[in-house]
Amino acid sequence: MAVSKSHIKASRQYEKRNPDRTGYNTLKRNAVNFVSAYAKEGTKANQYVTSDYGRKHYKEDLTELENLIKQTLEELEN
């Protein structure tokens, strides 16, 4: 399904009016995509995490993210 030029224009205008929200959503989307990449078979992201390199590092990277999340949650609670 093609996106109309007016829809794209409206999206860019929204992004300009809401840079903080747009930036935050981009960060969140990237994190979610990385974490859920393994479950999304047939995607480029899944291909990366199941490659020889990815298989070697993916669990380690997820554990690192888990620790960072725990640390950040503790900091936010204080």
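Nothing in this text is a laboratory measurement; each read-out follows from the coordinates by a stated rule. It should be emphasised that the depicted structure is a prediction, and the values quoted were computed from it without experimental measurement. Glycine also receives a Cβ, built like all others from the backbone with ideal geometry; neighbour counts cover every protein chain displayed.
Kindly provide the set of residues from region 1-26 that are aliphatic (A, V, I, L, M) and surrounded by 10 or more Cβ atoms within 10 Å (Cβ to Cβ), ordered by number.
Scanning region 1-26 gives Ile8, Ala10.
What are the residues in region 1-34 that are of a type in the set (Phe, Trp, Tyr) and either within 25 Å of Val49 (Cα to Cα) or in contact with a strand residue (DSSP E or B) (Cβ under 6 Å, 6 or more places away or on another chain) (or both), if any?
Tyr24, Phe34
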